[in-house]
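Written below as structure tokens is the structure these notes are about.
The values are calculated or read from the model by the stated rules, or taken from the named source; none is laboratory data. This is a predicted model, so every value here is computed, not measured. Here the Cβ positions follow ideal geometry from the backbone for every residue, glycine too, while neighbour counts run over all protein chains shown.
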Amino acid sequence: MVKKSLVSAPGKIIISGEHSVVYGQPALLSAINKRLYVQIEENNQGVRIMADEPTELAEYALEKTREFLGERINHLKIKIKSEVPVNRGLGSSAALSVAMVGALFRWVGREWNKSLINQLALTIEKKQHQNPSGGDNSVSCFGGLMAFQQGKIRRLKTKFDFQKFILIDSGQAIESTGEMVAGVGRKFQAPNSKTQKILDELGKITLRFIEEFKDPRHFDYSKCLISKNQRLLEKLGVVGKKAQRLVRLIEEQGGAAKICGAGGVKEGSGVLLCYHQNPKILLDFTQKEQIPYFKLKLGEEGLRDEN
Ligand code: PMV
């Protein structure tokens, strides 16, 4: 057993395909430059988990990983530090699930098998979201930029100019991802529902986006894909008023924006993925309106041993 285990896993954005990916459509995802760190050390008395956020999911991850490893893992001090804000569509729970499993594998000296770690992280995600697609944990575990569909991962290379993206904050969603996914599920099952059609449309846009990332055409094309995507998510009922208003303001500046996770309707809808040919215009806009933002790096490394 090692003396200390320190690992990290990144947050993510969904460039296209949130919600529709739960129904088997493709999604385009990327790991981002915000990471969550899990450190494990020996503890004299029992298990102690230290974190800024509630620790239920970390406790559950510990229980599931213990069960899987078939080892009595006791006397641990687990410290969780995260740069990934919660309930903002940045995959904080997936990063936690992946990093917890990874750190425990390291702690007991298990082989660093990312496929296995990812499978286990998905079972943990199920507690949090009931019906996760598996996209969030996969991109957090393997990193990079990927197309994900029904459990299958395709790594992508791109010539796309990531400098043209920034994330701006429409505020924390008060609904959980599980609640948002369940809400879409209820609409899907309602009589005469148009939800299937919207999900199919989202699937088509994602496929076009995947092509666009392989071989970028021109600014207007990407802008148009982001805006169409956002409108479909609004029709799906996962974007609140505040975020919709922000998106329109960004469009008035000549850009495009969309939510990049489960969304939220009662208050904030999480971060917005914003795109502009001239990102300075977006930066000036966020400063003028005093909206929190950060610059994005996409395609970041997945689960990482930090020892
Ligand atoms: O909001 P997040 O980061 O939990 O992302 C959820 C993405 C969904 O497509 C809405 C759900 C899923 O399991 O893929």
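For the range 188-245, which residues satisfy the criterion of being part of a helix (DSSP H, G or I), touching a residue at least 12 places away in the same chain (Cβ under 8 Å) and of a type in the set (Asp, Glu)?
Those that are part of a helix (DSSP H, G or I), touching a residue at least 12 places away in the same chain (Cβ under 8 Å) and of a type in the set (Asp, Glu): ASP200, GLU201, GLU212.
Determine the pairs where a residue that is among the acidic types (Asp, Glu), located within the range 65-92, has a partner that is away from the ligand (no atom under 16 Å from the Cβ) with Cβ atoms under 8 Å apart, the partner being 6 or more residues away or on another chain.
Close Cβ pairs satisfying both conditions: GLU71/VAL108.
Can you tell me which residue among SER8, SER16 is of a type in the set (Ser, Thr, Tyr), in contact (Cβ under 8 Å) with a residue 60 or more places away in the chain and farther than 30 Å from GLY237 by Cβ? Quick ask: steps written out before the conclusion?
Values: SER16 fails: farther than 30 Å from GLY237 by Cβ.
Only one candidate qualifies: SER8.
When you go through GLN130, GLN149 one by one, which is the residue that is modelled with pLDDT under 95 and either closer than 24 Å to VAL239 by Cβ or aliphatic (A, V, I, L, M) (or both)? Walk me through how you get there before you give the answer.
Details: GLN149 fails: modelled with pLDDT under 95.
Criteria check complete, one pass: GLN130.
Please return the ranges of strands (runs of 3 or more DSSP E) entirely within the range 1-104 where 3 or more residues are within 16 Å of the ligand (Cβ to nearest atom) and small (Gly, Ala, Ser).
Values: elements: 4-16, 27-42, 47-50, 76-82.
So the answer is 4-16, 27-42.
Does THR123 fit the bill of being modelled with pLDDT under 95 and more than 19 Å from SER20 (Cα to Cα)?
Criteria not met by THR123.
So for the range 290-307 (the condition being surrounded by fewer than 23 Cβ atoms within 10 Å (Cβ to Cβ), among the polar types (S, T, N, Q) and in contact with a Phe, Trp or Tyr (Cβ under 8 Å, 6 or more places away or on another chain)), does at least one residue qualify?
Looking through the range 290-307, none of the residues is surrounded by fewer than 23 Cβ atoms within 10 Å (Cβ to Cβ), among the polar types (S, T, N, Q) and in contact with a Phe, Trp or Tyr (Cβ under 8 Å, 6 or more places away or on another chain).
What tally of residues in the range 208-231 results from selecting those that are under 19 Å from the mean Cα position of the chain (by Cα) and not β-branched (Val, Ile, Thr)?
Total meeting the criteria: 4.
Applying the selection to the range 246-283, what residues are aliphatic (A, V, I, L, M) and part of a loop (DSSP other than H, G, I, E, B)?
As a first pass, look at the range 246-283 and keep what is aliphatic (A, V, I, L, M): 246-247, 249-250, 256-257, 259, 262, 265, 271-273, 281-283.
Of everything in the range 246-283, those that are aliphatic (A, V, I, L, M) and part of a loop (DSSP other than H, G, I, E, B) turn out to be ALA262, VAL265.
When you go through THR177, THR195, THR206 one by one, which is the residue that is touching an Asp or Glu at 6+ places or on another chain (Cβ under 9 Å) and hydroxyl-bearing (Ser, Thr, Tyr)? First the steps, then the outcome.
Values: THR195 fails: touching an Asp or Glu at 6+ places or on another chain (Cβ under 9 Å); THR206 fails: touching an Asp or Glu at 6+ places or on another chain (Cβ under 9 Å).
After ruling out the rest, the residue left standing is THR177.
Output yes when any residue across the range 284-296 is under 14 Å from the mean Cα position of the chain (by Cα) and part of a strand (DSSP E or B), and no when none is. Lay out the reasoning, then the answer.
So in the range 284-296, the residues under 14 Å from the mean Cα position of the chain (by Cα) come out as 296.
Subset that is part of a strand (DSSP E or B): none.
No; the residues of the range 284-296 include none that is under 14 Å from the mean Cα position of the chain (by Cα) and part of a strand (DSSP E or B).
Does LYS152 fit the bill of being away from the ligand (no atom under 13 Å from the Cβ), surrounded by fewer than 17 Cβ atoms within 10 Å (Cβ to Cβ) and within 15 Å of TYR23 (Cα to Cα)?
Working: away from the ligand (no atom under 13 Å from the Cβ): yes; surrounded by fewer than 17 Cβ atoms within 10 Å (Cβ to Cβ): yes; within 15 Å of TYR23 (Cα to Cα): yes.
In short, yes.
From the list PRO132, PRO85, pick out the single residue that is of a type outside the set (Gly, Ala, Ser) and surrounded by 24 or more Cβ atoms within 10 Å (Cβ to Cβ). Walk me through how you get there before you give the answer.
Numbers: PRO85 fails: surrounded by 24 or more Cβ atoms within 10 Å (Cβ to Cβ).
Result: PRO132 is the single residue among PRO132, PRO85 that is of a type outside the set (Gly, Ala, Ser) and surrounded by 24 or more Cβ atoms within 10 Å (Cβ to Cβ).
Confirm whether ILE205 is surrounded by 17 or more Cβ atoms within 10 Å (Cβ to Cβ), farther than 17 Å from SER269 by Cβ and modelled with pLDDT under 95. Quick ask: steps written out before the conclusion?
On the way: surrounded by 17 or more Cβ atoms within 10 Å (Cβ to Cβ): yes; farther than 17 Å from SER269 by Cβ: yes; modelled with pLDDT under 95: no.
Taking the combined requirement at face value, the residue does not satisfy it.
Go through the range 248-295 and give me each residue that's closer than 20 Å to ALA9 by Cα and more than 15 Å from the ligand (Cβ to nearest atom).
Correct list: PHE294, LYS295.
Out of the range 105-120, which residues are assigned to a loop (DSSP other than H, G, I, E, B) and at negative phi?
First, pick out the residues of the range 105-120 that are assigned to a loop (DSSP other than H, G, I, E, B): 109-113.
Within the range 105-120, ARG110, GLU111, TRP112, ASN113 meet the criteria.
Is it true that ASN118 is within 16 Å of the ligand (Cβ to nearest atom), in contact (Cβ under 8 Å) with a residue 24 or more places away in the chain and not charged (D, E, K, R)? Before the answer, list the steps.
Details: within 16 Å of the ligand (Cβ to nearest atom): yes; in contact (Cβ under 8 Å) with a residue 24 or more places away in the chain: yes; not charged (D, E, K, R): yes.
The answer is yes for ASN118.
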